[in-house]
Amino acid sequence: MSRFAAAIEVGLAGARHEIRLILTSWTGAAILGIAQPAVLLVLVVGSVADPAPAEVGRGVVGVALTALWSFTVWTGAGVLQGDRQQGTLAACVIGVPDLRLVVIGRSLGVNIFAGLVVAATMTVTLALLRQPVRVGSVGLVTLGLALVLVSSMVVGTCLSCLFLLSRFGPQISAALMYPVFLLCGLLTPLTFLPVPLRWVSDGISMRWGMRLLTEAMSGRFDPVALGMLVGLTVAYAFAGAYAFARVTDLIRREGTVELV
Amino acid sequence: MTGPAITIRDLTRVYGRGETAVTALDKVSFDVRYGQIVALLGSNGAGKTTLIKVLATLLLPSAGSVTVAGHDVVRQPKPARAVAGVVFGGDRGLYGRLTLRDNLRYFGMLAGLARRDIGARIDQALAEVNLSDLAGRRVEALSRGMRQRLHLAIGLIRRPRVLLLDEPTVGLDPVEAERVRAIVARLRDEGVGVLLTSHYLVDVERLAGRVVLLSDAKVAADMAVDEFARTSGFSATVTVRGKGPVPDWGSDPAKLVVQATSARGDADGWEVDLRVREWSAAVFRHLSSLFDGVTVYDVKVRETGVEEAFLAISRRAAP
């Protein structure tokens, strides 16, 4: 078996493992994947002053990305935290396959699950609200959603380094969550941000995902948003791969992971 | 399989830097052969866990060299991981909400097994630890003994040439502990090199061929189990219960009785533990001569075990 095929096999095994874990504990998944988007959608669609399709579409994109990110990034980032709590982290670190592949695979599992659950929840909620949503370009929206999922998987994998380095990973990632949402323009328009801070949002891929999808809902293609989303995701991937290698080396030097 | 299963040479591990630096292992050297169980003993903080972490490639040495099945744990960690099973004791280290089979499937992937091989290996590993009937049950529903056997199955799934066992019988009832010991003994007989740490010294007596004692980060003893037991300075403990005047146990010129420790003394009589250099006819005659005028209720002779040797050496090594 080639190295590439072996890597794919490890990634898929990690994805299957993570989906099995999620399926055994539905509470967390239901809160993040069902309750959160449903409630947000009711609030956002109900509060849209102008029920024009463009405004509703923008609200739906914001809710979808908030739900996806809070599920995928933070759950994906937390897979190693769960392992630390159960005493299985050392086994992952000293596994034969590259730890990065294992974590990417497990994040992929979270993303597949989250994508399906959030999409189903939003479809059902919009149907119950009898709120039509006009999708200007199905192809562009699909592409945008796929890229958003890939980007969130990469960000989640990068963030999981925190859980290898520190026992306070959950607190650190929770503290980062809402500032990131604000900087992406998911909760409030970017014009609400102080001018000196606006450049920060340019460095967050989800800000561009939001723009790409919003435009796609209106049937327009935004090449700048697409380029920035892809470019930033690739940059995160390289930075994450480097950081992961350094962190795994560091924990072997410092002995920060216990055997169980 | 040629060469030692584990080779450790001048292994030193220091945590921290400068004035706060703590030396957890100081120039530790020993080998483990294939088909041999070596017990790693030591008080808490002696360096056992640090050593297991280095062997498991979870921690880098500060100095010295370590090989597992011929693979250097620093330069070749992946091949070393592929041939070494690491087995922990206790309830942690498993995915409680998943079934035994799903746990093994994931740990099999971490062991580097290809997907096409995992199913057969899972069946084999479960059969080896007698858990085949429970393959579809959630781990959280298992007893502690069953979990421990699952830990062993996880260690076995890669068909290890080297096994690192950390407290494999901790918290187990005697029946389950004996089951685990039987599995480990079988692996040894099949040629697996085993390094065992355990505070249950009965594990050491039943399983190990050699003892390495760590004290204050250094190797304080490295010898066969029988030899280790003799390092206490006595080969047997004679417990005598009697009534009447307590004899002068140390009165023999040959100093056959090394030490006498009164355990109890009241109106009903007395009890004393006599440590004797060698349980021999001479000692028997000496003790019999002391029993004149004494009513002796009971005499028990117990061979010196690893535990007594461990305690005696630890007392001598204590600052």
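Go through region A:1-73 and tell me which helices (runs of 4 or more DSSP H), entirely inside it, have 3 or more residues that are more than 13 Å from chain B (Cβ to nearest Cβ). It would help to see each step written out before you state the result.
Details: elements: A:3-24, A:26-30, A:36-47.
Because the criterion is at least 3 residues that are more than 13 Å from chain B (Cβ to nearest Cβ), the helices (runs of 4 or more DSSP H) in region A:1-73 that meet it are A:36-47.
Restricting region A:77-100 to residues that are more than 10 Å from chain B (Cβ to nearest Cβ) and more than 17 Å from B:Leu94 (Cβ to Cβ), which is least open to solvent (accessible area, probe 1.4 Å)? Break it down stepwise before answering.
Residues of region A:77-100 more than 10 Å from chain B (Cβ to nearest Cβ): A:77-81, A:84, A:100.
If we keep only those that are more than 17 Å from B:Leu94 (Cβ to Cβ) as well, we get A:77-78, A:100.
Working: A:Ala77: 0, A:Gly78: 21, A:Arg100: 73 Å².
Here the residue is A:Ala77.
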Which one of these is among the charged types (D, E, K, R) and closer than 17 Å to B:Ala282 by Cα: B:Asp248, B:Asp222? B:Asp248
Would you pick out the residues in region B:75-93 that are under 19 Å from B:Val38 (Cα atoms) and either open to solvent by less than 20 Å² (accessible area, probe 1.4 Å) or outside any helix (DSSP H, G or I) (or both)? B:Ala80, B:Ala84, B:Gly85, B:Val86, B:Val87, B:Phe88, B:Gly89
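Is region B:24-31 home to any residue that is more than 10 Å from chain A (Cβ to nearest Cβ), open to solvent by 10 Å² or more (accessible area, probe 1.4 Å) and outside any strand (DSSP E or B)? It would help to see each step written out before you state the result.
Within region B:24-31, the first condition is being more than 10 Å from chain A (Cβ to nearest Cβ), and the residues that meet it are B:25-31.
Filter once more, keeping what is open to solvent by 10 Å² or more (accessible area, probe 1.4 Å): B:26-27, B:29, B:31.
The next check asks that each one be outside any strand (DSSP E or B); those that pass are none.
No.
Could you please give the count of residues in region B:205-224 that are open to solvent by less than 30 Å² (accessible area, probe 1.4 Å) and touching an Asp or Glu at 6+ places or on another chain (Cβ under 7 Å)? Step through it out loud before you land on a result.
We begin by selecting, within region B:205-224, every residue open to solvent by less than 30 Å² (accessible area, probe 1.4 Å); these are B:207-208, B:211-214, B:217, B:221.
Narrowing the set further to residues that are touching an Asp or Glu at 6+ places or on another chain (Cβ under 7 Å) leaves B:212, B:217.
Number satisfying all stated conditions: 2.
Here are B:Thr12, B:Thr67, B:Thr20: which of them is surrounded by 16 or more Cβ atoms within 10 Å (Cβ to Cβ) and polar (S, T, N, Q)? Talk me through it step by step, then tell me what you get.
On the way: B:Thr12 fails: surrounded by 16 or more Cβ atoms within 10 Å (Cβ to Cβ); B:Thr20 fails: surrounded by 16 or more Cβ atoms within 10 Å (Cβ to Cβ).
B:Thr67 is the lone residue from the list that is surrounded by 16 or more Cβ atoms within 10 Å (Cβ to Cβ) and polar (S, T, N, Q).
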Checking B:Asp72 against (1) open to solvent by 20 Å² or more (accessible area, probe 1.4 Å); (2) out of contact with any Lys or Arg (no Cβ under 9 Å at 6 or more places or on another chain), which test does it fail? (1)
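Tell me which residues, restricted to region B:32-51, are outside any loop (DSSP other than H, G, I, E, B), under 13 Å from the mean Cα position of the chain (by Cα) and within 15 Å of B:Val211 (Cα to Cα). Don't jump to the end; show me each part of the working.
In the first step, residues of region B:32-51 are kept if they are outside any loop (DSSP other than H, G, I, E, B); the result is B:32, B:37-42, B:48-51.
Now drop any that are not under 13 Å from the mean Cα position of the chain (by Cα), which leaves B:37-42, B:48-49.
The answer is B:Ile37, B:Val38, B:Ala39, B:Leu40, B:Leu41, B:Gly42, B:Lys48.
Does B:Leu59 meet the test of being part of a loop (DSSP other than H, G, I, E, B), touching a residue at least 40 places away in the same chain (Cβ under 8 Å) and either buried (at least 24 other Cβ atoms within 10 Å of the Cβ) or among the hydroxyl-bearing types (Ser, Thr, Tyr) (or both)? Spell out the reasoning first.
Numbers: part of a loop (DSSP other than H, G, I, E, B): yes; touching a residue at least 40 places away in the same chain (Cβ under 8 Å): yes; either buried (at least 24 other Cβ atoms within 10 Å of the Cβ) or among the hydroxyl-bearing types (Ser, Thr, Tyr) (or both): yes.
It is true that B:Leu59 is part of a loop (DSSP other than H, G, I, E, B), touching a residue at least 40 places away in the same chain (Cβ under 8 Å) and either buried (at least 24 other Cβ atoms within 10 Å of the Cβ) or among the hydroxyl-bearing types (Ser, Thr, Tyr) (or both).
Condition check ((1) facing chain A (nearest Cβ under 10 Å); (2) within 26 Å of the chain's Cα centre (by Cα)) across all residues:
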{"position": "B:Arg97", "(1), (2)": "yes, no"}
{"position": "B:Met109", "(1), (2)": "yes, no"}
{"position": "B:Gly119", "(1), (2)": "no, no"}
{"position": "B:Met146", "(1), (2)": "no, yes"}
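Any idea which of A:Val103, A:Val117 is in contact with a helix residue (DSSP H, G or I) (Cβ under 6 Å, 6 or more places away or on another chain) and open to solvent by less than 10 Å² (accessible area, probe 1.4 Å)? Don't jump to the end; show me each part of the working.
On the way: A:Val117 fails: open to solvent by less than 10 Å² (accessible area, probe 1.4 Å).
Of A:Val103, A:Val117, the one residue that is in contact with a helix residue (DSSP H, G or I) (Cβ under 6 Å, 6 or more places away or on another chain) and open to solvent by less than 10 Å² (accessible area, probe 1.4 Å) is A:Val103.
Going by the structure shown, is B:Thr50 β-branched (Val, Ile, Thr), in contact with a Pro (Cβ under 6 Å, 6 or more places away or on another chain), open to solvent by less than 30 Å² (accessible area, probe 1.4 Å) and at the interface with chain A (Cβ under 9 Å from one of its Cβ atoms)? Working first, answer last.
Values: β-branched (Val, Ile, Thr): yes; in contact with a Pro (Cβ under 6 Å, 6 or more places away or on another chain): no; open to solvent by less than 30 Å² (accessible area, probe 1.4 Å): yes; at the interface with chain A (Cβ under 9 Å from one of its Cβ atoms): yes.
So B:Thr50 fails the test.
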Those residues that are closer than 27 Å to B:Gly119 by Cβ and open to solvent by 50 Å² or more (accessible area, probe 1.4 Å), I need them from region A:1-53; list them, please. A:Met1, A:Ser2, A:Arg3, A:Phe4, A:Ile8, A:Leu12, A:Arg16, A:Arg20, A:Leu23
Among the residues listed as B:Gly35, B:Gly42, the single one being of a type in the set (Gly, Ala, Ser), more than 9 Å from chain A (Cβ to nearest Cβ) and either over 24 Å from B:Ala185 (Cα atoms) or surrounded by fewer than 20 Cβ atoms within 10 Å (Cβ to Cβ) (or both): B:Gly35
Output for region A:155-185, where each listed residue is within 28 Å of A:Phe244 (Cα to Cα), open to solvent by less than 70 Å² (accessible area, probe 1.4 Å) and not in a helix (DSSP H, G or I): A:Ser160, A:Ser166
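The values are calculated or read from the model by the stated rules, or taken from the named source; none is laboratory data. The model shown is predicted, which means the values in this text are computed figures rather than measured ones. When we count neighbours, we look across all protein chains shown, and the Cβ atoms used for this are built from the backbone with ideal geometry, even at glycine. To get the accessible areas, we keep the full protein, side chains included, count just its heavy atoms, and leave off ligands, DNA and RNA. Shrake-Rupley method; radii C 1.70, N 1.55, O 1.52, S 1.80 Å.
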